[in-house]
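The block underneath contains the structure these notes are about, expressed in C-alpha cells.
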Amino acid sequence: MATVASRAELERLLDDDVPYGDLTSEALGITTIAGVMQFAARAPMVLALAEDAAGLIELSGCRVKLFAASGAVLEQGAPILEARGPAAALLRSWKVAQTLIEIWSGVASEARAIVDAARSVAPHIPVACTRKNVPGTKRFAVAAVKAGGAVMHRLGLSETVLVFPEHRAFLGDQPLLQAVERLRRAAPEKKLVIEVNTADAALAAAVVGFDVIQAEKFSPAEIAALVKRMASMAYTRARPIVAAAGGVNAGNAADYAAAGADILVTSSPYLAKPKDVQVRIVAAAEIERSRDVREHVKLREVQG
C-alpha cells in the first residue's frame, strides 16, 4: 500500500493533532479496549488519499483493510476502509484520516467533473491544474488531481518556463523576440509558455515562437476566434498550443473544449467542497454480539 506522504510526514500530521496523548480517552479509561472503525462514502465521490489515511491509522497501531483505492468512483454507502485496534489508536487517527480523505476527495471529484465535461466534447483534451494550491499541501494536491484524471500544469517555478505580464514589466522596451531567443539559449530543452490577456498579444507571441499561448480569462467565443486566426498563420515552428485558463470549471469546460482549446488550465478543484466520509466506531465486543445475534436469527429461520 503506497502512500503519497512519507512516514515522517504522516507522523507529523498525527503529532499535530495529538501531541501529548488523548486526554478524553485516557480520563475515561478506555484506551486499551479493542474496537473497530469503518469509513464509507456518504455520497458519490472520487476517492483520494485513501492509502495515506490508511497509513495514518496503521501508524497509530491499528490493522487496516482498504476496500477502495484512490481514483475509484464510489457510490453512496460504498466502503472505504476498516480498521481494528485499541480505542486509543482508533480515536487518535480517526479525525486526521477522515479529514484527509474528505478534503482531497473533494478536489479529486471536482477535477473528474471538469475532465468528464471537457471530454464529452473533445475525448482526449487534457485538464491541467495549476500550482495555486494551499502552501505546504502540494503532495496531496498533486495526488488528488491525478486521482481525478487531471494532470498538473506546473509543480512550481523551477521546472517550467511561463512568462507572465508581471515578468515583462521588468523587460522594459525589449522586443518579445529577444526574450524568446534568450529563453531558448538559457533553457533549450523547455517549452516556452506565455500568458496573454488579449488576442493581439496572443498572435504576437505566436509569431515570435512561443510554444504555448496561455489565454487568460478569454471567453469560449474569444478562444474560438483566436484558434481560427492562428490556424491561418504561417509559423517557422509548429502552431502554438492554445491553453484556456482563468475561470475554467465544470460548468464551462465543455464550451472551452468545443471552442478548440488544446488544453484547459484550472485552479477550480482546489476550491471544491469536501466530500463527506461516514465513520462508525464501535467496541469489538459489540461487533461480536451483533454477529452472534445474526447467526442465531439465521439458525432459527433455518429450523423453521
Problem - Nonlocal amide H pairs with Val4, under 5 Å, H built at 1.01 Å - result: Asp52
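Let me check against my output: what whole-number percent is the relative contact order of the range 147-284, with C-alpha pairs under 8 Å and at least 6 apart? Could the numbers behind the result be given before it?
Numbers: 164 pairs, mean separation 24.2, N = 138.
For the range 147-284, the relative contact order is 18 percent.
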Handout entry: Potential lengthening between Leu155 and Ser120 on full extension [0.36 nm per residue; Cα-Cα distance subtracted]
Key = 9.9 nm
Exercise for the section: Report the FRET efficiency, 1/(1 + (r/R0)^6), for Arg139 and Lys95, where r is their Cβ-Cβ distance and R0 is 25 Å, rounded to 0.05. Expected result: 0.80
Handout entry: Leu271 - accessible surface, heavy atoms, 1.4 Å probe, Å² rounded to 10
Key = 150
Handout entry: Within the chain, percent of DSSP bridges classed antiparallel, to nearest 5
Key = 50
Handout entry: Nonlocal amide H pairs with Ala48, under 5 Å, H built at 1.01 Å
Key = Gly71, Ser105
Problem - About the Cα centre, charge dipole magnitude for the chain (Lys/Arg +1, Asp/Glu -1 at Cβ), debye - result: 580
Handout entry: CD proxy at 222 nm, helix term only [per DSSP H run n ≥ 4: -39500 (n - 2.57); per residue of the chain; nearest 500]
Key = -13500 deg cm²/dmol
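What does the net charge come to around Val277 if you take all other residues with beta carbon closer than 12 Å to its beta carbon, with K and R at +1 and D and E at -1?
Spelling it out: positives minus negatives among the neighbours equals +2.
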Problem - Label point distance in nm, Leu203-Met233, each placed 7 Å from Cα along Cα→Cβ - result: 0.8
Completion exercise
Relative contact order as a percentage, the range 3-78, C-alpha pairs under 8 Å and 6+ apart, gives 39
Fill in the blank from the handout: Hits in the range 213-244: amide N under 19 Å from the 7 Å Cα→Cβ extension of Ala186, namely 213-214
Handout entry: GluC sites (Glu not before Pro) restricted to the range 112-182 and DSSP loop, no more than 16 other C-beta within 10 Å
Key = Glu159
Exercise for the section: Note down the net charge around Ala261, summing +1 for each Lys or Arg and -1 for each Asp or Glu among other residues with Cβ under 12 Å from its Cβ. Expected result: -3
Practice task
Over the range 25-109, average the accessible area per residue using a 1.4 Å probe and give it in Å², no decimals.
Solution key: 38
Handout entry: Candidates Ala141, Ala122, Ala108, ranked by Gaussian network fluctuation over the chain, Cα under 10 Å, top entry
Key = Ala122
Completion exercise
Here FRET efficiency (C-beta to C-beta, Leu177 to Lys217, R₀ 30 Å, nearest 0.05) is 0.70
Handout entry: Surface per residue (accessible, 1.4 Å probe) for the range 133-218, Å²
Key = 55
Practice task
Using a 1.4 Å probe and counting only protein heavy atoms, arrange His124, His167 so the residue with the most accessible area comes first.
Solution key: His124, His167
Problem - Carbon/sulfur fraction of accessible area - the range 44-140, other protein chains in place, 1.4 Å, % - result: 56
Problem - Net lengthening on full extension, Phe170/Arg63 (0.36 nm per residue, minus Cα-Cα) - result: 32.8 nm
Problem - Model label zone, Ile287; criterion: amide N under 15 Å from point 7 Å along Cα-to-beta-carbon; scope the range 63-77 - result: 63-67
Fill in the blank from the handout: Read-out Kirkwood radius over Cα pairs in Å, candidates (i) 21.1; (ii) 19.1; (iii) 22.3; calculated match is (iii)
Completion exercise
Once both label points are put 7 Å beyond Cα along the C-beta direction, the Thr31-Arg280 separation in nm becomes 2.9
Problem - Under Karplus coefficients 6.51, -1.76 and 1.60, residue-wise ³J(HN,Hα) of the range 251-266 in Hz, glycine/proline x - result: x, 10, 4, 5, 5, 5, 5, 5, 5, x, 4, 7, 7, 10, 10, 8
Handout entry: Which of His124, Gly209, Thr3, positive extreme of dipole for the chain (C-beta unit charges)
Key = Gly209
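The values are calculated or read from the model by the stated rules, or taken from the named source; none is laboratory data. If you're wondering where the values come from, they're calculated on a predicted model, not measured in any experiment. Using ideal geometry, Cβ is built from the backbone for each residue, glycine included, and neighbour counts are taken over all protein chains shown. Only protein heavy atoms, including side chains, enter the accessible area calculation; ligands, DNA and RNA are left aside. Shrake-Rupley method; radii C 1.70, N 1.55, O 1.52, S 1.80 Å.
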